[in-house]
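The values are calculated or read from the model by the stated rules, or taken from the named source; none is laboratory data. Quick caveat: nothing in here was measured; it's all calculated off a predicted structure. Here the Cβ is made from the backbone with ideal geometry for all residues, glycine too, and neighbour counts use every protein chain on show. Heavy atoms of the whole protein, side chains included, go into the accessibility calculation; ligands, DNA and RNA do not. Shrake-Rupley method; radii C 1.70, N 1.55, O 1.52, S 1.80 Å.
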Amino acid sequence: MNKYFKIVFSLAVIVTLFSCAREDANPVSKPRDYVEQYAKDIDSINKFIDTHSMTVDAQFNVEFTEIPANGPEISIREQTQYPLQFKTVTNVAHEVDYKIYYIVLNEGVGERPTAVDSIHVSYRGVETVKGDQFDFAQNPVWFRTDDLVAGWSEILPYFKTGNYDPTDGPNPVNFSDYGAGIMFLPSGMGYYNLSQGTLSAYANLVFSFKLFELKYRDHDSDGILSKDEVPLGSDFLYDPQDYDSDGDGIPNYFDVDDDNDRVLTKRELKKPDGTYHTFETAPGCDGLATNPARVRRYLDPACKPPFAN
Ligand SMILES: [Ca+2]
Ligand SMILES: [Ca+2]
Ligand SMILES: [Ca+2]
């Protein structure tokens, strides 16, 4: 993991999910201790999950309702149709292991985003304490996942895009089988000490969302999609921000020379006919592309042009 980039990206999360400009945000002067704040946050999130029921319609729109005293409604935790799950995210700078609850309403059938791709989503966000909606986009909006609050990059890779039926024109209602879910973000995975619009500082955020489409990005324009700039065999949760194969402090997805041999990756992908290999076709130093576990030549510093193919 590269600390410099982690710091840059943790600052980048201040570019909010809102359409408001960054300068609209209002940071509370001295941020609270992360460990102490997280203890309060996870209590608040657990309370929300235990004291609210949820209804989900056929389009995966979600409504949360506070359960009246001794009411018969089943809580979010106790309902079994959509199991409550969680992942643990260690944030070294915060010295906190964040528990992020999430619910898969529908996994989706299409492509799966990494932590750094562009996503086309609709969403609704509420705060656990006030229960108020602070943000929503009923019609889908494009975002770069790595520009959003940190929790989104952690949870979106569990979902896939949907199918699109173009017969009636570009209307979002024509998406089907899209990913849909809910995430419960402690403030340290959200806006932390920022308050903005109706959003309170240190708010815990509950987002329901639908993932319609995505665009895989190539941050360093070297011809290798950022989703493929990860260790061979890594699973879908691997964050491209964490992989720096040549150890020069620049993660591969931002490094134009991944093996630090002073030959640009782009040039190492070039074929004698002037076209370029993709991640799938890029050969090893022996010129073969048959072994799926091969070290591709742009990752092998001993392998330099000219190439035979
Ligand atoms: Ca790339
Ligand atoms: Ca590097
Ligand atoms: Ca190189």
Could we say that S221 is open to solvent by 60 Å² or more (accessible area, probe 1.4 Å), near ligand 1 (Cβ under 8 Å from one of its atoms) and not acidic (D, E) here?
yes
Filter result for D300 (more than 16 Å from ligand 1 (Cβ to nearest atom), of a type in the set (D, E, K, R) and loosely packed, with under 15 Cβ neighbours inside 10 Å)
no
Mind checking whether some residue in region 230-246 is within 12 Å of ligand 1 (Cβ to nearest atom) and either of a type in the set (S, T, N, Q) or in contact with a strand residue (DSSP E or B) (Cβ under 7 Å, 6 or more places away or on another chain) (or both)?
no
Test P186 against the stated conditions and say whether it is within 16 Å of ligand 2 (Cβ to nearest atom) and of a type outside the set (G, A, S).
no
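So, in region 52-71, exactly how many residues are part of a loop (DSSP other than H, G, I, E, B) and among the aromatic types (F, W, Y)?
Qualifying residue count for the region: 1.
A quick yes/no check of all residues on (1) part of a strand (DSSP E or B); (2) assigned by TED's automatic domain parsing to the domain that holds V126; (3) farther than 22 Å from G179 by Cβ:
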{"residue": "R32", "(1), (2), (3)": "no, yes, yes"}
{"residue": "Q37", "(1), (2), (3)": "no, yes, yes"}
{"residue": "S44", "(1), (2), (3)": "no, yes, yes"}
{"residue": "D50", "(1), (2), (3)": "no, yes, yes"}
{"residue": "E73", "(1), (2), (3)": "no, yes, yes"}
{"residue": "Q79", "(1), (2), (3)": "no, yes, no"}
{"residue": "I100", "(1), (2), (3)": "yes, yes, no"}
Would you mention how many residues in region 102-125 are of a type outside the set (A, V, I, L, M, F, W, C), within 15 Å of the chain's Cα centre (by Cα) and in a strand (DSSP E or B)?
5
Where residues in region 246-262 are buried (at least 17 other Cβ atoms within 10 Å of the Cβ) and part of a loop (DSSP other than H, G, I, E, B), which of them is farthest from ligand 2 (Cβ to nearest atom)?
D261
Note on region 126-149: residues surrounded by fewer than 23 Cβ atoms within 10 Å (Cβ to Cβ) and part of a helix (DSSP H, G or I) are T145, D147
Looking at region 166-192, which of its residues are part of a loop (DSSP other than H, G, I, E, B) and either hydroxyl-bearing (S, T, Y) or modelled with pLDDT of 95 or more (or both)?
D177, Y178, P186, G190, Y191, Y192
The number of residues in region 247-286 that are among the basic types (K, R) and within 14 Å of ligand 1 (Cβ to nearest atom) is 2
Look at region 263-284 and say how many of its residues are open to solvent by 70 Å² or more (accessible area, probe 1.4 Å) and within 13 Å of ligand 2 (Cβ to nearest atom).
1
Within region 96-130, can you find the residues that are touching a Lys or Arg at 6+ places or on another chain (Cβ under 8 Å) and modelled with pLDDT under 95?
T128
Would you check which residues across region 81-98 are without any contact (Cβ under 8 Å) to a residue 24 or more places away in the chain and in a strand (DSSP E or B) and list them?
Q85, F86, T88, T90, D97
